[in-house]
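Structure first, commentary second.
The values are calculated or read from the model by the stated rules, or taken from the named source; none is laboratory data. Being a predicted model, the structure only gives us computed values, none of them experimental. Ideal geometry is used to build each Cβ from the backbone, glycine not excepted, and the neighbour counts take in all protein chains shown. What goes into the accessible areas is simple: the full protein's heavy atoms, side chains included, and nothing from ligands, DNA or RNA. Shrake-Rupley method; radii C 1.70, N 1.55, O 1.52, S 1.80 Å.
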Amino acid sequence: MSLNSQIALIARCTAAAASLAALGACSQMPKMDVFSVSGDKVLGLVQPYRVEIVQGNVVTKEQMQLVKTGMTRAQVRDAIGSPLLTDVFHDARWDYVFTIRRQGAAPQNRRILLTFDGDQLAKIDAPEDLPSEKEFIAAIDTTKVKSAAPKLEMTEEERKALPPPVKQAAVTPEPIGPVRDYPPLEARR
């Protein structure tokens with residue numbers, strides 16, 4: 001066996017041993033999906049950016065209070081907007097589906113089903129827990145609540161405790177441009 005073939009054999013054996021050691025080390029890792037980006041953090045360190053996904057129509061409690069059976073399709077559309085789904089095979093059914101996934105907020109899923117008899121609304125199938133407009137905004141707001149707002153005004157006692165303002169000496173403005181002293185035009189008597 002030549003020297004080059006012996007070196008190549010040793011290199012292959014070393015690479016195989018390193019591969020087996022790496023695979024053995026992986027079996028000792030805790031059972032968690034380390035490289036997954038579906039969790040909160042990757043490798044427990046980095047939080048990836050997640051795209052905000054909003055689909056469908058936001059229908060609030062106030063909007064649904066406007067919808068009553070017997071309304072026409074146009075009146076319903078004016079009250080809560082166009083449906084997300086209109087099925088050609090089920091022309092009498094409108095589906096209002098809303099989903100939102102926002103980083104830092106719980107995902108929301110809602111479905112409202114309206115059934116028509118001709119042009120008249122016949123049945124409303126909506127969840128009881130529809131949020132009001134303020135509740136919906138509060139649910140998707142991910143901004144951190146700051147502590148107390150800064151104080152913008154002083155009380156009368158605080159004003160009295162301040163030292164009196166120092167009066168500045170009147171400063172004569174410096175003239176702009178050249179200053180010239182001309183002799184009088186007429187002789188003085």
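Could you please find all residues in segment 75-91 being open to solvent by 60 Å² or more (accessible area, probe 1.4 Å) and not in a loop (DSSP other than H, G, I, E, B)? Residues satisfying the conditions are Gln75, Arg77, Asp78, Leu85, Thr86. Would you pick out the residues in segment 92-123 that are free of Cβ contacts under 8 Å to residues at least 40 places away in the same chain and in a loop (DSSP other than H, G, I, E, B)? Ala92, Gly104, Ala105, Ala106, Pro107, Gly118, listed by residue number. Can you name every residue in segment 94-109 that is open to solvent by 40 Å² or more (accessible area, probe 1.4 Å) and under 17 Å from Val59 (Cα atoms)? The answer is Arg101, Pro107, Asn109. Go through segment 104-160 and report how many residues are among the basic types (Lys, Arg) and under 30 Å from Ala74 (Cβ atoms). The total comes to 4. Of note, Lys134 satisfies the criterion of being surrounded by 10 or more Cβ atoms within 10 Å (Cβ to Cβ) and within 30 Å of Pro48 (Cα to Cα).
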